[in-house]
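The values are calculated or read from the model by the stated rules, or taken from the named source; none is laboratory data. Fair warning: this is a prediction, and the values are worked out from it, not measured in the lab. Cβ coordinates were reconstructed from backbone atoms using ideal geometry, including for glycine residues, and neighbour counts include every protein chain displayed. Surface areas here come from the heavy atoms of the whole protein model, side chains and all, with no ligands, DNA or RNA. Shrake-Rupley method; radii C 1.70, N 1.55, O 1.52, S 1.80 Å.
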Amino acid sequence: MPEAPSAGQLYNSMQLTVFASGSSGNCSLFQGGGRRVLLDAGISARRIKTALAGEGLTPDGLDGIFITHEHSDHIAGLAVLLKQFPVPVFAPGTVAESLRRSIPGASAYVRDIPLEYPIDLDGLTVTAFPTPHDAPSAGYRLEADGQTAALATDTGCVTDVMLDYLSGAQTVLIEANHDEAMLRCGPYPAYLKRRILSDRGHLSNAECTWLASVLAHRGAERIVLGHLSRQNNLPALAKKTVSRGLENTAAQLFVAPELGRLEVDGTPCCI
């Protein structure tokens, strides 16, 4: 009888599965090169375990958790998860230091990684790059099996560095946080509107349209819109707006659910 494949052999193609994306929590699973990592842990540990179980995984089968920044909608489940499972946590220096200060016992698990320097996880290469936000923040580029995925949310504008690391990735998760008219006419106080609209806030649908168009012309095959505001955006509106920038391209466009599951692996997706 042939030997059963190991856990590392079971996955030999790139896949990004979004468990949650939005102001109430962010968490995605990347699988490729025989490795499995979480991108952020901004939902409860219970929900993370349930989501992983749906993929046939448990947290102790993860090769790491990569954190973009310290805001609660990106780390809400991390403290409880680390109490139960010894998973290494990777973050750029300033973010890593904040995690050590705010999460008891995290120092045993948190590992500093430099910005713009590739980290080799034996089959998976991950590179963090800076994104402009009102807290030190990073996006990630992940390369495995000859394919590339990249993620960048929580960014008030698109920098040249950010564009460089997103370009050429076949799958990208980018931010379409708000419709500017909805935000300006909406219930948020003036100071919060200014924050969101600033260069260290969040990308609008219109800004995301430009970014998606550029990335589609630079090799993006699958573009996922994430971190939509519940108050200031609508999934159908975001998709309709951004799709205008993808005319005459072959890129597929998806909207990550605030709660639920979106699988992106080059085959038809379940949303």
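What the table below lists for this structure:
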quantity: Selected residue (criterion: farthest from the chain's Cα centre (by Cα)) from residues of segment 198-216 that are open to solvent by less than 70 Å² (accessible area, probe 1.4 Å) and within 18 Å of H71 (Cα to Cα); calculated: S198
quantity: Qualifying positions in segment 95-104 - surrounded by 15 or more Cβ atoms within 10 Å (Cβ to Cβ) and either closer than 29 Å to Q147 by Cα or among the small types (G, A, S) (or both); calculated: V95, A96, S98
quantity: Residues (part of a helix (DSSP H, G or I) and under 14 Å from T17 (Cα atoms)) located in segment 54-64; calculated: G54
quantity: Output for segment 105-137, where each listed residue is open to solvent by 60 Å² or more (accessible area, probe 1.4 Å), modelled with pLDDT under 95 and within 18 Å of the chain's Cα centre (by Cα); calculated: D134, P136
quantity: Candidate set: segment 22-64, residues that are of a type in the set (D, E) and surrounded by fewer than 18 Cβ atoms within 10 Å (Cβ to Cβ); chosen: the one nearest to P130 (Cα to Cα); calculated: D60
quantity: Search result, residues across segment 226-252 that are part of a helix (DSSP H, G or I) and either without any contact (Cβ under 8 Å) to a residue 60 or more places away in the chain or buried (at least 23 other Cβ atoms within 10 Å of the Cβ) (or both); calculated: P235, A236, L237, A238, K239, K240, V242, S243, R244, G245, L246
quantity: From Y140, Y165, residue being open to solvent by 10 Å² or more (accessible area, probe 1.4 Å) and touching a Phe, Trp or Tyr at 6+ places or on another chain (Cβ under 9 Å); calculated: Y165
quantity: Of residues in segment 164-188 being out of contact with any Asp or Glu (no Cβ under 8 Å at 6 or more places or on another chain) and in contact (Cβ under 8 Å) with a residue 60 or more places away in the chain, the one farthest from D145 (Cα to Cα); calculated: D179
quantity: Some residue of segment 124-137 being within 18 Å of R36 (Cα to Cα) and out of contact with any strand residue (DSSP E or B) (no Cβ under 6 Å at 6 or more places or on another chain); calculated: no
quantity: Residues (outside any loop (DSSP other than H, G, I, E, B) and buried (at least 22 other Cβ atoms within 10 Å of the Cβ)) located in segment 65-77; calculated: I65, F66, H74, I75
quantity: Spans of strands (runs of 3 or more DSSP E) in segment 78-184 with at least 3 residues farther than 25 Å from H202 by Cα; calculated: 110-113
quantity: Filtered residue count, segment 64-95, keeping only those that are in contact with a helix residue (DSSP H, G or I) (Cβ under 9 Å, 6 or more places away or on another chain) and within 22 Å of D122 (Cα to Cα); calculated: 9
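For (1) under 12 Å from N177 (Cα atoms); (2) assigned to a helix (DSSP H, G or I); (3) out of contact with any Phe, Trp or Tyr (no Cβ under 6 Å at 6 or more places or on another chain), each residue gets a yes or a no:
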{"site": "Y191", "(1), (2), (3)": "no, yes, yes"}
{"site": "R200", "(1), (2), (3)": "no, no, yes"}
{"site": "T209", "(1), (2), (3)": "yes, yes, yes"}
{"site": "A212", "(1), (2), (3)": "no, yes, yes"}
{"site": "R218", "(1), (2), (3)": "no, no, yes"}
